[in-house]
Amino acid sequence: MSEEFHKIRRLPPYVFEQVNRLKASARAGGADIIDLGMGNPDLPTPQGIIDKLCEAVQDPRSHRYSSSKGIPGLRKAQANYYARRFGVKLNPDTQVVATLGSKEGFANMAQAITAPGDIVLCPDPTYPIHTFGFIMSGGVIRSISAEPDESFLVSLERGVKHSIPKPIALILSFPSNPTARVATLDFYKEVVAFARKHNIIILSDLAYSEIYFDENNPPPSVLQVEGAMDVAVEFTSMSKTFSMAGWRMGFAVGNERLIAALTRVKSYLDYGAFTPVQVAATAALNGDGSDIEYVRNVYKTRRDVLVESFGRAGWEIPAPEATMFAWVPIPERYRAMGSLDFSKLLIEKADVAVAPGLGFGEHGDEFVRIALVENEHRIRQAARNIKRFLGNADGTA
């Protein structure tokens, strides 16, 4: 029993754990660490959703095993949401399945479709489950561009041309965690045409569809493209949209064959989320949208404070188009040390925690991800700490 198990050996070291240990040690020593690392929402779940949970939990029937696929009302609510938001028609019985967050959905879809040695095209940098889910399932990752532009399409062509066997799937993640980039519908049209031509499955992570800052250009769904339903499944989450991260509620929607495969795998592994959680999620999706608008406005305000205050401190922050993150180049004088060591340095010298870009892929190592999970006062305090840190590094303070 001394050797690591096969699947564990295939996983790379968890970069974020090193930062988490240092953060915990600093706090144990009395440091006031301003944590802008993990994307863990600090906003409370809206009261109406909590009230619906409390109401549902009083019914003893809701304490039984739930439905792994999702209760009918919840699947219908998700289908109605897609119709309102994207103009996409979904059959709630065959094209919608509830998941325990988008992360679980992605991992179990990988289990459902991957044979040992199958190749999957995945952006680098990207959210870790997009790669780890397939690695744990015996797949092989081929990295492609993470930019929703011509470079992505060029890397797609190269990925198919130089991969043996041919890739089975392609990961999309826009708005992107970590880069915060947003795709256009025209971009999706080209990607769908490519996938249909080469018979490649599209798995789209749309977890941040409602956290956007240009009111005139809300992020589209790949399923809006004609023919996308033939090849694509899309994953959404209620974690950030409704500040329900700990509730673990998400969805996969799209191609019937793929949804059926995911549903079958899940039926062997779980009984679904607690029924009152599903009832409360149904109420959230059927709401008037004011809860979503409130969350969006809070993150927009925090984004603006982050960009302004860090810029004044001497660290320029590219304003993110969407998500609750900023994807930030490491200051040039520290870039050579890499994102992990720089993140450790910020904890030690500035009492600020960020996420090292290396944790999202090797092409992220010149960046850190900053999460908008502290209020404006704490963000400004982080900026003051950063200003002192940079000043001392220059020898000017």
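Counting only residues that are open to solvent by 20 Å² or more (accessible area, probe 1.4 Å) and not charged (D, E, K, R), which one in segment 293-303 is nearest to Ala83 (Cα to Cα)? Per the stated criteria, the residue is Tyr294. In segment 252-348, counting only helices (runs of 4 or more DSSP H) that sit wholly within it, the ones holding 2 or more residues that are under 23 Å from Asn40 (Cα atoms) and either out of contact with any Ser or Thr (no Cβ under 7 Å at 6 or more places or on another chain) or at pLDDT below 95 (or both) span 275-285, 290-313.
If I ask for residues that are crowded, with 18+ Cβ neighbours inside 10 Å and among the aromatic types (Phe, Trp, Tyr), which ones from segment 56-99 would you list? Within segment 56-99, Tyr81, Tyr82, Phe86 qualify.
Matching residues to (1) closer than 16 Å to Gly272 by Cβ; (2) buried (at least 21 other Cβ atoms within 10 Å of the Cβ); (3) touching a His at 6+ places or on another chain (Cβ under 6 Å):
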residue: Gly101; (1), (2), (3): yes, yes, no
residue: Phe106; (1), (2), (3): no, yes, no
residue: Cys122; (1), (2), (3): no, yes, yes
residue: Thr131; (1), (2), (3): no, yes, no
residue: Gly139; (1), (2), (3): no, yes, no
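For segment 1-21, which positions are under 26 Å from Val368 (Cβ atoms), assigned to a loop (DSSP other than H, G, I, E, B) and among the aliphatic types (A, V, I, L, M)? Result: Leu11, single match. If only residues of segment 330-351 that are on the phi < 0 side of the Ramachandran plot and among the acidic types (Asp, Glu) are counted, the one that is least open to solvent (accessible area, probe 1.4 Å) is Asp341. Residue-level check: of (1) open to solvent by 60 Å² or more (accessible area, probe 1.4 Å); (2) more than 25 Å from Ser339 (Cβ to Cβ); (3) of a type outside the set (Ser, Thr, Tyr); (4) modelled with pLDDT under 95, Val160 misses just (1). Condition check for Ala24 on (1) open to solvent by less than 100 Å² (accessible area, probe 1.4 Å); (2) without any contact (Cβ under 8 Å) to a residue 24 or more places away in the chain; (3) assigned to a loop (DSSP other than H, G, I, E, B): one failure, at (3). Look at (1) touching a residue at least 24 places away in the same chain (Cβ under 8 Å); (2) closer than 23 Å to Thr301 by Cα and you find that Arg196 fails only one, number (2). Count of segment 208-238 residues, restricted to those that are open to solvent by less than 10 Å² (accessible area, probe 1.4 Å), among the small types (Gly, Ala, Ser) and either in a helix (DSSP H, G or I) or in contact (Cβ under 8 Å) with a residue 60 or more places away in the chain (or both), is 3. Looking only at segment 56-64, decide whether some residue is of a type outside the set (Asp, Glu) and under 18 Å from Leu285 (Cα atoms). Scanning segment 56-64, I find at least one residue that is of a type outside the set (Asp, Glu) and under 18 Å from Leu285 (Cα atoms), so the answer is yes. Number of residues in segment 28-43 that are touching a residue at least 40 places away in the same chain (Cβ under 8 Å) and either in a loop (DSSP other than H, G, I, E, B) or among the small types (Gly, Ala, Ser) (or both): the value is 11.
Return yes or no: is Ala322 closer than 24 Å to Ser209 by Cβ, under 23 Å from the mean Cα position of the chain (by Cα), open to solvent by less than 20 Å² (accessible area, probe 1.4 Å) and small (Gly, Ala, Ser)? When the stated conditions are applied, Ala322 passes them. Would you confirm whether or not segment 352-372 contains a residue that is among the small types (Gly, Ala, Ser), open to solvent by 20 Å² or more (accessible area, probe 1.4 Å) and assigned to a helix (DSSP H, G or I)? No, that holds for no residue.
The values are calculated or read from the model by the stated rules, or taken from the named source; none is laboratory data. Source: prediction; values computed, not measured. Note: ideal-geometry Cβ built from the backbone for every residue, glycine included; neighbour counts use all protein chains shown. Just so you know, the surface numbers come from the protein's heavy atoms only, side chains and all, with ligands and any DNA or RNA stripped out. Shrake-Rupley method; radii C 1.70, N 1.55, O 1.52, S 1.80 Å.
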